[in-house]
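S.K.: Got a structure for you, questions after.
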Amino acid sequence: MDDPKAVDADASALLAGQLLLGYVSATELYLRRTIARMVKVCPQIRASNSSQTIQFGAVDYYGKTGIEYALTEQVSFTEPGKIKSQLNARLGVAVGGGTSLERSISEFERLCQLRHALVHSHGVLSSANASLLLGASGTKAYQTRLDRDSLEWAAVVAVNLVRDVNLEVVRSTLWKWLTDGYLTPRKRVNRPRVDRLLSAIASETDRKSKLATFDTDTLTDLVTTVASEMGARRRSA
């Protein structure tokens, strides 16, 4: 008869692995949805993606109102460098060196090495996985052992990436709207546009718990003031 303690340990390890995979896959889904929603919300972003090629079958699958989701259908955000390149190519978000966003992406890419080992080799790290995750080299094969601390780290990594991406997408988009004149000195024009932007990426949980970085009224007042000042400078130039 199997040792109950050994069975419990195996079950716990399996459950921990599934939770970690869930963190990574949920983060990937967030990135896909953010890109799709921003293509729908922002006219400039939609125009910059207008020449992208998508598979014919995606038209039938997503329909006219959801075709934006096809843009990342062939993209794996667990590949090193892919998040940075997609944010830049799809949303015009440049990931600067030494920024919080760059650090969050780097940590998530480390997490993806652990995810790769769990999916493809029952938790055994390849040399490439070990190098990117642990900075390790040599002939020793590392077997992953997930515990509560590991899962907490994975959750923090995922949440930090989501919040940093949200912040940069809002900053980048608002600046694009201001410089292109999509945001104006008129508050009544700006408010619905700001609200659509925040609604596209906002977390209802963060809003209710007062953790959201922005709110519609405050941000509308800010961009209206900035748009007025930019207009005054153009007229005086």
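The values are calculated or read from the model by the stated rules, or taken from the named source; none is laboratory data. Everything numeric here is computed off the predicted structure, so don't read it as measured data. FYI the Cβ positions are ideal-geometry reconstructions off the backbone, even for glycines, and counts take in every protein chain you see. To get the accessible areas, we keep the full protein, side chains included, count just its heavy atoms, and leave off ligands, DNA and RNA. Shrake-Rupley method; radii C 1.70, N 1.55, O 1.52, S 1.80 Å.
Table: residues versus (1) out of contact with any Cys (no Cβ under 6 Å at 6 or more places or on another chain); (2) hydroxyl-bearing (Ser, Thr, Tyr); (3) assigned to a loop (DSSP other than H, G, I, E, B); (4) surrounded by fewer than 20 Cβ atoms within 10 Å (Cβ to Cβ).
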position: ASN166; (1), (2), (3), (4): yes, no, no, no
position: SER172; (1), (2), (3), (4): yes, yes, no, yes
position: LEU178; (1), (2), (3), (4): yes, no, no, yes
position: LEU183; (1), (2), (3), (4): yes, no, yes, no
position: ASN190; (1), (2), (3), (4): yes, no, no, no
position: VAL194; (1), (2), (3), (4): yes, no, no, no
position: LEU197; (1), (2), (3), (4): yes, no, no, no
position: THR205; (1), (2), (3), (4): yes, yes, no, yes
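S.K.: Being under 22 Å from SER203 (Cα atoms), under 12 Å from the mean Cα position of the chain (by Cα), open to solvent by less than 10 Å² (accessible area, probe 1.4 Å) and without any contact (Cβ under 8 Å) to a residue 40 or more places away in the chain, is that true of even one residue in segment 95-109?
M.R.: Looking through segment 95-109, none of the residues is under 22 Å from SER203 (Cα atoms), under 12 Å from the mean Cα position of the chain (by Cα), open to solvent by less than 10 Å² (accessible area, probe 1.4 Å) and without any contact (Cβ under 8 Å) to a residue 40 or more places away in the chain.
S.K.: Return the residue satisfying two criteria in turn: it lies in segment 182-213 and is at pLDDT 75 or above and among the charged types (D, E, K, R), and of such residues it is nearest to ARG234 (Cα to Cα).
M.R.: ARG186
S.K.: Inspect all residues belonging to segment 52-63 and state whether any of them is surrounded by 12 or more Cβ atoms within 10 Å (Cβ to Cβ) and within 15 Å of the chain's Cα centre (by Cα).
M.R.: no
S.K.: Inspect all residues belonging to segment 68-80 and state whether any of them is open to solvent by less than 60 Å² (accessible area, probe 1.4 Å), among the charged types (D, E, K, R) and modelled with pLDDT of 90 or more. Step through it out loud before you land on a result.
M.R.: Kept after step one, since they are open to solvent by less than 60 Å² (accessible area, probe 1.4 Å), are these residues of segment 68-80: 68, 70-72, 75-78.
Filter once more, keeping what is among the charged types (D, E, K, R): 68.
Within this subset, residues satisfying the condition of being modelled with pLDDT of 90 or more are 68.
Within segment 68-80 (the criterion being open to solvent by less than 60 Å² (accessible area, probe 1.4 Å), among the charged types (D, E, K, R) and modelled with pLDDT of 90 or more), the answer is yes, since at least one residue qualifies.
S.K.: Restricting to segment 223-237, name every residue that is aliphatic (A, V, I, L, M), at pLDDT below 95 and either surrounded by 13 or more Cβ atoms within 10 Å (Cβ to Cβ) or touching a helix residue (DSSP H, G or I) at 6+ places or on another chain (Cβ under 9 Å) (or both).
M.R.: Correct list: MET230 only.
S.K.: Among ALA26, ALA117, which is open to solvent by 10 Å² or more (accessible area, probe 1.4 Å), closer than 29 Å to GLU152 by Cβ and either of a type in the set (A, V, I, L, M) or modelled with pLDDT under 95 (or both)? Reasoning before the result, please.
M.R.: Values: ALA117 fails: open to solvent by 10 Å² or more (accessible area, probe 1.4 Å).
From the options ALA26, ALA117, the qualifying one is ALA26.
S.K.: State all residues of segment 29-44 that are open to solvent by 10 Å² or more (accessible area, probe 1.4 Å), touching a helix residue (DSSP H, G or I) at 6+ places or on another chain (Cβ under 9 Å) and either among the charged types (D, E, K, R) or within 14 Å of LEU161 (Cβ to Cβ) (or both); if no residue qualifies, say none. Working first, answer last.
M.R.: From segment 29-44, those open to solvent by 10 Å² or more (accessible area, probe 1.4 Å) are 29-30, 32-33, 37, 40-41, 43-44; that's our starting set.
Those still in the list that are touching a helix residue (DSSP H, G or I) at 6+ places or on another chain (Cβ under 9 Å) too: 30, 32-33, 37, 40-41, 43-44.
Matches in segment 29-44: TYR30, ARG32, ARG33, ARG37, LYS40.
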